[in-house]
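Worksheet: the structure to be examined is printed underneath.
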Amino acid sequence: MQPPTHYPKHYCGVFGVFGHSNAAELAYYGLYALQHRGQESAGIVTCDGGKFYKHHGMGLVPQIFNDPKVLHDLVGSMAVGHTRYSTTGSSQLRNAQPLTVDCVRGQIAVAHNGNLTNAAQLREELENRGLVFQTTVDSEIIIMMLAQPQIGGVTNSLVQTIRRIEGAYSLVIMTERELIGVRDPHGFRPLSIGRTETGAWILSSESTAFDLIHAQFVRDVAPGEIVIINENGVTSIQAFPEHEKRAFCIFEYVYFARPDSFINGQTVYDVRKEMGRQLAREHNVRADLVIPVPDSGVCAAMGYAEQAGIPYEMAFIRNHYVGRSFLQPSQLIRDFNVRVKLNLIESLVKGKRVIIVDDSIVRGTTCRSRVKTLKDAGAKEVHVAVSCPPHQHPCVYGIDFPDRSKLMAANNTVDEIRKYLNADSLHYLSQAGMVAATGQPKEAFCMACYDGNYPVPYDPLLDKHIIERRRKLTQTLGEAAAKEDQQIRLLKV
């Protein structure tokens with residue numbers, strides 16, 4: 001069996017500040033706390049007296065803002081920040097956010113977390129009207145639409161723009177006078193409101209960023225809500241008053257959000273622990289030890305061990321200082337990629353029946369390496385427990401595994417996966433068990449990657465490079481037309 005060669009990547013993190021004398025510094029710390037949501041690029045735009053200041057770059061937040069002068073020059077009491085993993089558009093500097101535009105409406109900056117399912121259609125419509133795009137990200141479509149004084153002959157507004165875009169989006173928008181937060185009507189992505197001790201307002205993808213800057217969590221932005229923050233306070237507009245269906249991405253609870261974040265009235269930590277308990281209830285495995293795969297499997301493993309009454313040990317030790325790139329020593333250290341991030345305390349597992357708990361298996365190659373490491377260390381049995389159901393369908397709302405061929409569980413039975421992992425048993429949490437762990441009804445979630453039920457229709461050809469492919473096709477057709485015109489002219493001569 002050939003393993004898939006893909007794995008899930010994070011979404012993005014958005015952050016905004018209104019009413020703080022050093023908004024850029026707060027935004028920096030906010031992005032630092034949201035670094036887990038994207039490690040490809042980051043940026044901050046500030047506003048001071050109607051003038052925008054911007055800095056962005058490729059890499060991690062502390063690498064991009066490593067010179068104190070950079071933050072010092074980002075003056076103003078308003079800021080919007082973004083840390084990115086590319087879900088539409090390739091990873092390059094021109095696609096880094098926040099995006100800015102200077103138009104008849106003034107200056108606008110936009111940071112976007114999510115994925116638009118009608119991006120190609122909207123972009124073609126705008127290009128046919130003469131608009132010129134500078135990037136290949138779907139987020140630029142949003143800012144271009146906001147910049148238009150009219151859409152379809154009608155005076156454009158933020159509400160009209162939001163009603164035209166489809167898919168998943170949590171936005172932080174900054175104008176010359178306001179900070180605006182927006183969530184799509186299904187509420188795919190999280191977005192929270194906080195306030196500092198000095199009275200500054202904060203918008204953040206996750207509440208964990210509030211803790212770092214000593215801000216208090218106020219509430220979540222509701223699905224379909226537009227929150228406008230200015231010198232007069234906070235104004236709320238419901239752009240989709242008749243829309244009732246909710247579809248919060250349940251994978252936020254499983255993997256993406258930080259355990260210390262507070263989402264939909266509960267901490268991610270508590271939900272993940274309950275997922276582990278539920279997994280132990282569903283699968284009674286006789287074992288001597290429960291160990292997690294750090295860090296994403298820790299909470300579930302703790303819950304599993306408590307419920308099963310089996311000792312818990314941190315047998316895998318994570319190296320927290322591994323960079324995003326390093327020398328590959330090829331034959332010098334054959335299992336370098338496995339051991340550089342997690343190293344096993346062999347004495348804890350030798351001669352033991354071990355349950356290893358992880359949050360998910362997408363391609364399986366890493367899990368297979370973990371099982372091998374445990375057995376090489378003398379583990380008598382290795383049982384794999386996964387705190388979510390099998391991923392069998394692509395995600396088009398922001399997780400970068402859009403092809404079923406790259407999902408192990410879409411192409412293999414559980415027993416085939418177990419054999420590939422060389423595990424003594426393999427157990428996934430059921431869909432019902434996963435939902436039960438949240439304490440919320442199934443109707444509150446998007447579970448398309450598990451059950452194939454997509455809340456928003458999408459183009460089956462959609463993937464992160466759709467805009468770039470479309471542009472390349474247009475260029476090819478244009479070159480062919482030009483060549484044909486030239487041949488006609490030569491024939492006439």
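Table for the structure above
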read-out	value
Anchor K69: aspartates and glutamates whose Cα lies under 15 Å away (excluding residues fewer than 8 positions away in-chain)	E25
Rounded if a/c under 1.5, otherwise prolate or oblate - the range 12-247, Cα gyration tensor axes	rounded
Value of relative contact order over the range 12-247, rounded to a whole percent, pairs C-alpha under 8 Å and six or more apart	21
FRET efficiency, S405 to Q134 (Cβ-Cβ, R0 45 Å, nearest 0.05)	0.85
Relative pair counts by distance (%), Cα atoms of the range 22-91, 5 Å bins	4, 19, 30, 23, 14, 7, 2
Distance in nm between pseudo-label sites at M58 and V218 (7 Å out along the Cβ direction from Cα)	3.8
The range 269-322 shape via C-alpha gyration tensor axes, a/c threshold 1.5	oblate
Neighbourhood charge, 14 Å Cβ-Cβ cut-off, centred on V227 and excluding it, Lys, Arg +1 and Asp, Glu -1	-1
Label point distance in nm, S369-Y29, each placed 7 Å from Cα along Cα→Cβ	3.6
Cα-Cα over 19 Å, subset of K341/K372; K352/K375; K380/K419; K350/K380; K352/K372; K372/K406	K372/K406
Chymotrypsin sites (Phe, Trp or Tyr not before Pro) restricted to the range 38-134 and DSSP loop, no more than 15 other C-beta within 10 Å	F133
Environment charge at A437 (Cβ cut-off 14 Å; Lys +1, Arg +1, Asp -1, Glu -1)	-1
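Rule-based calculations on the coordinates, nothing more; no lab input. Note that the coordinates shown come from a computational prediction; the quantities given were computed from them, not determined experimentally. Counting neighbours? That spans all protein chains shown, and the Cβs are built from the backbone with ideal geometry, glycine included.
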